[in-house]
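In what follows, a single structure is set out as structure tokens and then discussed.
Values quoted throughout were computed directly from the atomic coordinates according to the rules given, and no laboratory measurement underlies them. Nothing here was measured: the structure is a model prediction, and the numbers come from that model. Note that we place each Cβ from the backbone using ideal geometry, even for glycine, and neighbour counts take in every protein chain shown.
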Amino acid sequence: MNNQDFTTTILVEQKPEEVFNAINNVLGWWSQEIEGNTSRVNDEFTYRYQDVHQCKMRLVEVDYGKKVVWLVVENYFNFTNDKSEWTGDKIIFDISEQANKTLLRFTHEGLVPEYECYTACVNGWSQYIQKSLKNLITTGSGEPNSRERPYTIHEVAARFNELAQQEKWFEIQDELFGENVKSIDPANSLYFGYAEGKAAVRKKGEDFVKKITDFHGAHTTAPVIGGNHFAVGREMDITVQGFGRIRLNEIMMYEVDDSKIISEQFFY
């Protein structure tokens with residue numbers, strides 16, 4: 001097993017058999033859009049997350065109270081250029097007793113930093129295992145994906161990152177911004193002003209893009225999440241009408257409420 005494979009663990013008071021049963025209740029902690037069987041060797045099921053992610057899993061090892069292994073048979077992300085990501089990977093749940101408690105070690109074997117989806121996938125698995133599955137084990141109620149459930153800050157930040165890495169900034173506004181979003185730049189900024197409301201924020205961005213005469217390169221870091229905010233770093237090298245070539249090095253901070261970004265603030 002490659003030591004770069006993604007692994008996370010949880011420790012609970014419940015018995016190994018209870019942990020095992022919760023893992024196999026995939027509808028209860030991963031998604032309410034699971035189709036197929038999820039408990040016996042050679043069972044296959046399909047997971048869907050809106051139009052963003054779809055995969056087919058096959059159970060290749062089921063050892064009651066000890067271990068469950070899924071093989072990724074098919075996989076599709078609508079935001080990656082490499083459609084082979086995940087395909088052939090193994091999703092492993094190892095269960096063991098530790099000091100009168102039960103340790104669950106989750107491993108996505110094959111999920112490595114070279115994957116285009118790596119950051120989003122790590123954030124997603126962390127959310128599902130550390131929160132949703134753990135809650136299902138300890139309280140009997142998980143937090144699986146559903147079209148009705150509001151997106152968490154982690155899901156909003158992950159989707160933001162997916163689109164930002166493709167430089168799809170207007171798509172971010174269309175999909176993730178609330179109707180009354182505020183866009184705040186430093187006082188006396190030479191480049192941008194203040195805007196409030198989705199249409200005004202969109203126009204602010206469009207007006208600036210029209211002034212860019214040459215794009216030399218840009219880079220956006222992965223999100224850092226705290227409370228209901230997340231922040232990214234961004235470097236941009238552009239030539240702008242009236243300013244010449246400029247290099248912006250900024251922190252971009254976003255506030256999320258009820259699944260939508262309600263403010264963006266820039267520090268440069």
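How many percent of DSSP beta bridges within the chain run antiparallel, rounded to 5?
95 percent
On average, how much area does the Cα convex hull of the stretch 177-267 cover when viewed from any direction, in nm²?
6.0 nm²
Past 32 Å, Cα to Cα, is the threshold; run Lys56/Lys203; Lys83/Lys131; Lys182/Lys211; Lys131/Lys168; Lys56/Lys134; Lys83/Lys134 against it and keep the listed order.
Beyond 32 Å: Lys56/Lys203.
Going toward the positive end of the dipole of the chain, with +1 on Lys and Arg Cβ and -1 on Asp and Glu Cβ, which of Leu176, Cys121, Thr107 do you reach last?
It is Leu176, whose Cα lies furthest towards the positive end.
Normalised by the residues of the chain, what does the relative contact order come to in percent, with Cα pairs under 8 Å and at least six apart?
Dividing the mean separation by the residue count of the chain yields 15 percent.
If you put +1 on each Lys and Arg Cβ and -1 on each Asp and Glu Cβ, how big is the dipole of the stretch 6-139 around its Cα centre, in Debye rounded to 20?
340 debye
Checking the a/c ratio against 1.5 first, then a/b against b/c, what shape does the Cα gyration tensor give for the stretch 13-80? Working shown, then result.
On the way: a/c = 2.50, a/b = 1.74, b/c = 1.43.
Verdict is prolate for the stretch 13-80.
Mind giving me the nanometre distance, one decimal, between the label points for Ile246 and Asn100, set 7 Å out from Cα along Cα→Cβ?
Using points 7 Å along Cα→Cβ, the separation is 6.4 nm.
Any idea what the relative contact order of the stretch 150-268 is, in percent, if you count C-alpha pairs under 8 Å spaced at least 6 apart?
28 percent
For the chain, what is one quarter of the convex hull surface built on the Cα atoms, given in nm²?
Average of the hull's projected areas for the chain equals 15.5 nm².
Note the full-extension length gain between Glu196 and Arg58 as 0.36 nm times their separation in residues minus their Cα-Cα distance, in nm to one decimal.
44.9 nm
In debye, nearest 20, what is the charge dipole magnitude of the stretch 187-268 about its Cα centre with +1 on Lys and Arg Cβ and -1 on Asp and Glu Cβ, if you could check? Don't jump to the answer; show the numbers that get you there.
Values: 10 positive and 11 negative charges, 60 e Å.
Charge dipole, the stretch 187-268, about its Cα centre: 280 debye, nearest 20.
Using the alpha-carbon centroid of each, what span in Å lies between the stretch 1-52 and the stretch 76-130?
About 10 Å separates the Cα centre of the stretch 1-52 from the one of the stretch 76-130.
In 5 Å bins starting at 0, how do the alpha-carbon pair distances of the stretch 40-145 split up by percent?
Computed distribution, short to long bins: 2, 11, 18, 25, 22, 13, 6, 2, 0, 0.
Relative to the Cα centre, what is the charge dipole magnitude of the chain, using +1 at the beta carbon of each Lys and Arg, -1 at the beta carbon of each Asp and Glu, and rounding to the nearest 20 debye?
It comes to approximately 260 debye.
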